[in-house]
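The values are calculated or read from the model by the stated rules, or taken from the named source; none is laboratory data. What you see is a predicted model; the values in this text were computed from it and never measured. Every residue, glycine among them, receives a Cβ derived from its backbone with ideal geometry; neighbour counts consider all protein chains shown. Heads up: the accessible areas ignore ligands, DNA and RNA and are worked out on the full protein's heavy atoms, side chains in. Shrake-Rupley method; radii C 1.70, N 1.55, O 1.52, S 1.80 Å.
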Amino acid sequence: MRDSITDKTQRLIAMVKGGDESALNQLCEVYGPRVHWIIRLRMGKELRSKLESMDLAQDALLSALEDLDGFTYNNEGDFVRWLSAIAENVLRGNLKKLHAGKRDIRKEVPLGGYRPTTCSGFITNPGPIVTTTPSVIMSRKEDLDKLEKAIDQLKPEYREVVILAKIEGLSYKEISKRLGKSNDAVRKKISRAIVALADIFEGD
């Protein structure tokens, strides 16, 4: 299954680089929801009242597609992480604009120590087997709002690792490097975060 997704993404990227507009639309349909959710969850509930996540997601996708010629496809995980980095940059750029306008919302909302459609194209790393993991919930479109609210209720450190591992698709090694923690510490924190998320999700 993963190989077929990887092959399709690689083929679509090659077609987009060749000027195929239908392939461009397909990439947006598949990865637009992922970018949108990365931005929404990074924003948190307070920032969502000040910034329009769908507009930011569209900006991030446009920015990514404009730079696609400079991207070398190795695997789908690399592509998702590349999109995540662009989405983060777009979000930070908009936060700076708000700050420049003397609306210092960074004092109101911490970003967790971190610097347009719907579909279920959601790839995750192997993790604890829980029926309410983000990957399972994301496959059930009707539960997305509930998932968002549940993630908002997590402790900041739990929210961070859930987003990194289950939304952005980083490996334990990559998260360890990002957070400056050991692989074992990251694995334990992700496991605890998923259990906490499941408890909140099922309790609502």
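Structure summary
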read-out: Accessible surface, per residue, of region 1-56 when the full set of protein chains is kept, probe 1.4 Å, Å²; value: 50 Å²
read-out: GluC sites (Glu not before Pro) restricted to region 4-55 and DSSP loop, no more than 15 other C-beta within 10 Å; value: Glu52
read-out: Distance in nm between pseudo-label sites at Leu144 and Ala14 (7 Å out along the Cβ direction from Cα); value: 3.1 nm
read-out: Loop-located trypsin sites (Lys or Arg not before Pro) in region 1-52, at most 11 other Cβ atoms within 10 Å (DSSP); value: none
